[in-house]
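Worksheet: the structure to be examined is printed underneath.
The values are calculated or read from the model by the stated rules, or taken from the named source; none is laboratory data. Everything quoted here is computed from the prediction, not taken from an experiment. In this analysis, Cβ positions are derived from the backbone assuming ideal geometry, glycine residues included, and neighbour counts consider all displayed protein chains. These accessible areas exclude ligands, DNA and RNA; they are computed on the full protein's heavy atoms, side chains included. Shrake-Rupley method; radii C 1.70, N 1.55, O 1.52, S 1.80 Å.
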Amino acid sequence: MCTGKCARCVGLSLITLSLVCIVANALLLVPNGETSWTNTNQLSLQVWLMGGFIGGGLMVLCPGIAAVRAGGKGCCGAGCCGNRCRMLRSVFSSAFGVLGAIYCLSVSGAGLRNGPRCLMNGKWDYHFEDTAGAYLLNGTLWDRCEAPPRVVPWNVTLFSLLVAASCLEIVLCGIQLVNATIGVFCGDCRKKQDATH
């Protein structure tokens, strides 16, 4: 596969994953789809750190767009030199994307491990923090949170989605990092193929 075609495929995948992370983080702000729980004392710190919006979202959206542009023919910088410049930009963007995805993975992993902030026995706290993530395997503990309703499955589902998406983003940004580096030094093979047909 040519570096340009690979860049487009990876870029489109990164854009999709970044949008998934942004939506998942937005949903974490409204537990169980209810907007009445948006008080800062009622949501966990990991929700407010915006790992999905900032890290897995915006910081990965940039390399996704850069990869799509590097894979296209574009009007800016035509020819071999222009393509290599776009690939070089994609190298730096991909490194930036890896950092964003790692941030998302770290915040989401901590959110899963600590559990949500919820009301239990009249007290708002991280009641599952001491379980070191063991609450994930014990569904009977989930119903102990009185408010927000069904906050534990909501957080577990969305933080798990963010962990999975950020792991894929790390892999795809790493692939694009290698692909774009090859593209900088070797160019894009599409021009040679297009010339022969």
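Could you run the Karplus curve 6.51 cos²θ - 1.76 cosθ + 1.60 with θ = phi - 60° over the range 144-158 and give me ³J(HN,Hα) per residue in whole Hz, x for Gly and Pro?
6, 6, 7, 8, x, x, 6, 5, 5, x, 4, 5, 4, 4, 6
Dividing the convex hull volume of the Cα atoms of the range 2-186 by its residue count, what figure in Å³ per residue is obtained?
104
Once every DSSP H run of n ≥ 4 in the chain is given -39500 (n - 2.57) and the sum is divided by its residues, what mean residue ellipticity at 222 nm do you get, rounded to the nearest 500 deg cm²/dmol?
Result for the chain: -21500 deg cm²/dmol, rounded to the nearest 500.
Quick one: how many Å² of R84 are accessible to a 1.4 Å probe, rounded to 10?
Accessible area of R84: about 80 Å².
What's the local net charge at T16, with K and R +1, D and E -1, over the other residues with C-beta under 15 Å away?
For residues surrounding T16, the net value is 0.
Evaluate the Debye formula for the range 87-153 with equal point scatterers sitting on the alpha carbons, no solvent, and hand back log10 of I(q)/I(0) at q = 0.13, 0.17, 0.22 Å⁻¹, in q order, two decimals.
One equal scatterer on each Cα of the range 87-153 leads to -0.48, -0.64, -0.87.
Explain nothing, just compute: Karplus ³J(HN,Hα) = 6.51 cos²θ - 1.76 cosθ + 1.60, θ = phi - 60°, for every residue of the range 9-26 in order, whole Hz, x for Gly and Pro.
After applying 6.51 cos²θ - 1.76 cosθ + 1.60, I find 4, 5, x, 5, 5, 5, 4, 4, 5, 5, 5, 4, 5, 5, 5, 4, 5, 4 Hz.
To the nearest 0.05, how large is the calculated FRET efficiency for L19 and S106 if R₀ is 22 Å and r is the Cβ-Cβ distance?
Taking R0 as 22 Å, the efficiency between L19 and S106 is 0.60.
Rounded to the nearest 0.05, what FRET efficiency do D143 and A95 have when you use their Cβ-Cβ distance and R0 = 45 Å?
That gives a FRET efficiency of 0.55.
Through the Karplus equation 6.51 cos²θ - 1.76 cosθ + 1.60, θ set to phi - 60°, convert the phi angles of the range 44-56 into ³J(HN,Hα) values in whole Hz; use x for Gly and Pro.
6, 4, 5, 5, 6, 6, 6, x, x, 7, 7, x, x
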